[in-house]
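S.K.: This structure is in structure tokens; I'll ask about it shortly.
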Amino acid sequence: MGFKLFLLLEKFLMLLPKQWRKGFFTLLGMIAYRASSRYKKVSDQNLDFAFDGRLSQNEKDKITKYAFKNLIYNFLHAMELRHMSKEDLQSRVTIQNIQAVQKVHKEGRAVIYVTTHYSSWELGGASIGAFIEPLIAVYKKMKNQDYQEWLLDARGAFGNISMEKTNVVKPLVRNLKKGMACGLLIDTNINPKEGLMVEFLGKSIRQTSTPAYLARKFNAAIIPVTIRTDDEQNYTLMLFDEIPVETTDDIDADIAKATQLQADWLTRLISSEPKFWFWLHRRWKNDHPEIYD
């Protein structure tokens, strides 16, 4: 019953002018910021840890407030993607450095897009599928199956295929061999038994080594990608140059080096404009649980 009411609300919101709809979600973001002391505290803890206490409370409050708004905007973008034409999306998103992918394609190699919860990740993923190539996007199973189906429908609007992360490696391998791209997040908290230790924002943490492993084994290219905006209306999809994966006799060292290079890219990205990252997530909870006490 609750989900059916949500769908009715979606239909109503999509009838509104775009700016009215955006205003409604902006208000939701403000309410969420004021109501959620728990996640404001998580954001403060993350920012204190990542920046060694150098940020003032005012600076942290601004970043946290934007994180709430940005999360709500991602929800809005997922809703809009379910009703958006390719032309509508193209009017909102500009692609930067597409040559990085074209170079890999000319070499006949598949692309592994490594990405992050940064700015409008929903528009970013859709834009790759719409304007560059469809990809397999790996996701974590959600508790609410109705909402999961709704969200996956939005993410598949322009050709992307979503696969749940449990036992996903074999399907990824099959499709990489066929030349199909995949998209992997590298900024989520992972099981202590998974991944490799890297330096991220100057702190030790585990990060998935799957992109480096797959790239090395199947001669695929790791291309970092994210998206940003100046006005929450027009967005730039930013493709970065390939992160190399060496193929020496020391397989473990090759994978570790490439995984660290991905963490270095993400560190530079977040350090340059920290407001865009998803600070509401307890990224360090397994490797540094003490910061959340």
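S.K.: Filter region 44-67 down to residues that are closer than 21 Å to I291 by Cα, out of contact with any His (no Cβ under 9 Å at 6 or more places or on another chain) and in a helix (DSSP H, G or I), then give me how many there are. Step through it out loud before you land on a result.
M.R.: Initially, region 44-67 is screened for residues closer than 21 Å to I291 by Cα, giving 44-65, 67.
Okay, now just the ones that are also out of contact with any His (no Cβ under 9 Å at 6 or more places or on another chain), so 44-45, 47-48, 50-65, 67.
With the extra rule that they be in a helix (DSSP H, G or I), the set shrinks to 44-45, 47-48, 50, 57-65, 67.
Number satisfying all stated conditions: 15.
S.K.: I'd like to verify a number: residues in region 210-231 that are in contact with an Asp or Glu (Cβ under 8 Å, 6 or more places away or on another chain) and either surrounded by fewer than 21 Cβ atoms within 10 Å (Cβ to Cβ) or of a type in the set (V, I, T) (or both), how many? Steps first, please.
M.R.: Here is the first cut: in region 210-231, the residues in contact with an Asp or Glu (Cβ under 8 Å, 6 or more places away or on another chain) are 212, 216, 221-223, 228.
With either surrounded by fewer than 21 Cβ atoms within 10 Å (Cβ to Cβ) or of a type in the set (V, I, T) (or both) added as a condition, the list becomes 216, 222-223, 228.
Number satisfying all stated conditions: 4.
S.K.: Scan region 59-90 for residues that are of a type in the set (A, V, I, L, M, F, W, C) and either touching a Pro at 6+ places or on another chain (Cβ under 8 Å) or surrounded by fewer than 13 Cβ atoms within 10 Å (Cβ to Cβ) (or both) and report the count. Before you say what the answer is, go through the steps one by one.
M.R.: Within region 59-90, the subset of a type in the set (A, V, I, L, M, F, W, C) is 63, 67-68, 71-72, 75-76, 78-79, 81, 84, 89.
Narrowing further to those that are either touching a Pro at 6+ places or on another chain (Cβ under 8 Å) or surrounded by fewer than 13 Cβ atoms within 10 Å (Cβ to Cβ) (or both): 63.
Residues flagged as of a type in the set (A, V, I, L, M, F, W, C) and either touching a Pro at 6+ places or on another chain (Cβ under 8 Å) or surrounded by fewer than 13 Cβ atoms within 10 Å (Cβ to Cβ) (or both) within region 59-90 amount to 1.
S.K.: Being more than 26 Å from the chain's Cα centre (by Cα), in a helix (DSSP H, G or I) and closer than 17 Å to A78 by Cβ is the filter here; which residues of region 9-20 pass it? First the steps, then the outcome.
M.R.: Going residue by residue through region 9-20, those that are more than 26 Å from the chain's Cα centre (by Cα) are 9, 11-12, 15-17, 20.
Okay, now just the ones that are also in a helix (DSSP H, G or I), so 9, 11-12, 15, 20.
Scanning region 9-20 gives L9, K11, F12.
Residue-by-condition table, conditions (1) in contact (Cβ under 8 Å) with a residue 24 or more places away in the chain; (2) of a type in the set (S, T, N, Q):
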{"site": "L176", "(1), (2)": "yes, no"}
{"site": "N191", "(1), (2)": "yes, yes"}
{"site": "L196", "(1), (2)": "yes, no"}
{"site": "E232", "(1), (2)": "yes, no"}
{"site": "P244", "(1), (2)": "no, no"}
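S.K.: Also, I was wondering about something else. Of all residues in region 145-170 being loosely packed, with under 15 Cβ neighbours inside 10 Å and touching a residue at least 12 places away in the same chain (Cβ under 8 Å), which is nearest to Y235 (Cα to Cα)? Steps first, please.
M.R.: Taking region 145-170 first, the residues loosely packed, with under 15 Cβ neighbours inside 10 Å are 145-147, 149, 153, 159, 164, 166-167, 169-170.
Then drop every residue that is not touching a residue at least 12 places away in the same chain (Cβ under 8 Å), which leaves 146-147, 153, 159, 164, 166, 169.
On the way: D146: 29, Y147: 26, D153: 22, G159: 20, E164: 28, T166: 32, V169: 31 Å.
Of everything passing the filter in region 145-170, G159 is nearest to Y235 (Cα to Cα).
S.K.: Taking region 171-182, which residues are surrounded by fewer than 17 Cβ atoms within 10 Å (Cβ to Cβ) and small (G, A, S)?
M.R.: G179
S.K.: Looking at the structure I just gave you, is L16 buried (at least 19 other Cβ atoms within 10 Å of the Cβ), at pLDDT 95 or above and either acidic (D, E) or more than 25 Å from T188 (Cβ to Cβ) (or both)? I'd like the intermediate steps shown before the answer.
M.R.: Numbers: buried (at least 19 other Cβ atoms within 10 Å of the Cβ): no; at pLDDT 95 or above: yes; either acidic (D, E) or more than 25 Å from T188 (Cβ to Cβ) (or both): yes.
Here the answer is no, as L16 does not meet what is asked.
S.K.: Right, here's the next one. Looking at this structure, is E194 acidic (D, E), touching a strand residue (DSSP E or B) at 6+ places or on another chain (Cβ under 9 Å) and either within 30 Å of E87 (Cα to Cα) or in a loop (DSSP other than H, G, I, E, B) (or both)? If you could, list the steps in order and put the result at the bottom.
M.R.: Details: acidic (D, E): yes; touching a strand residue (DSSP E or B) at 6+ places or on another chain (Cβ under 9 Å): yes; either within 30 Å of E87 (Cα to Cα) or in a loop (DSSP other than H, G, I, E, B) (or both): yes.
The answer is yes for E194.
S.K.: Going through S56, S36 one at a time, which residue ends up being surrounded by fewer than 14 Cβ atoms within 10 Å (Cβ to Cβ), farther than 26 Å from A221 by Cα and not hydrophobic (A, V, I, L, M, F, W, C)?
M.R.: Details: S36 fails: surrounded by fewer than 14 Cβ atoms within 10 Å (Cβ to Cβ).
None of the others qualify; the one that does is S56.
S.K.: Now for a separate question. Among A256, A215, A263, which is within 19 Å of K106 (Cβ to Cβ), within 22 Å of the chain's Cα centre (by Cα) and assigned to a helix (DSSP H, G or I)? Talk me through it step by step, then tell me what you get.
M.R.: Numbers: A256 fails: within 19 Å of K106 (Cβ to Cβ); A263 fails: within 19 Å of K106 (Cβ to Cβ).
That would be A215, the only listed residue that is within 19 Å of K106 (Cβ to Cβ), within 22 Å of the chain's Cα centre (by Cα) and assigned to a helix (DSSP H, G or I).
S.K.: Going by the structure shown, is R228 among the basic types (K, R), outside any loop (DSSP other than H, G, I, E, B) and under 18 Å from the mean Cα position of the chain (by Cα)?
M.R.: yes
S.K.: Is region 232-240 home to any residue that is within 19 Å of L184 (Cα to Cα) and surrounded by fewer than 17 Cβ atoms within 10 Å (Cβ to Cβ)? Give the steps one after another, and end with the answer.
M.R.: Initial filter on region 232-240 (within 19 Å of L184 (Cα to Cα)): 237-240.
From what is left, the residues that are surrounded by fewer than 17 Cβ atoms within 10 Å (Cβ to Cβ) are none.
Within region 232-240, not a single residue is within 19 Å of L184 (Cα to Cα) and surrounded by fewer than 17 Cβ atoms within 10 Å (Cβ to Cβ).
S.K.: Has region 247-262 got at least one residue that is touching an Asp or Glu at 6+ places or on another chain (Cβ under 8 Å), hydrophobic (A, V, I, L, M, F, W, C) and closer than 20 Å to K60 by Cβ?
M.R.: no
S.K.: Follow-up question, since we're still on this one. Hand me the list of helices (runs of 4 or more DSSP H) wholly inside region 99-170 holding 3 or more residues that are at pLDDT 95 or above and over 23 Å from L214 (Cβ atoms). So that I can check it myself, show each step before the final result.
M.R.: Numbers: elements: 99-106, 121-131, 145-155.
In region 99-170, 121-131, 145-155 are the helices (runs of 4 or more DSSP H) which contain 3 or more residues that are at pLDDT 95 or above and over 23 Å from L214 (Cβ atoms).
The values are calculated or read from the model by the stated rules, or taken from the named source; none is laboratory data. These numbers come from a predicted model, not from an experiment. Here the Cβ is made from the backbone with ideal geometry for all residues, glycine too, and neighbour counts use every protein chain on show.
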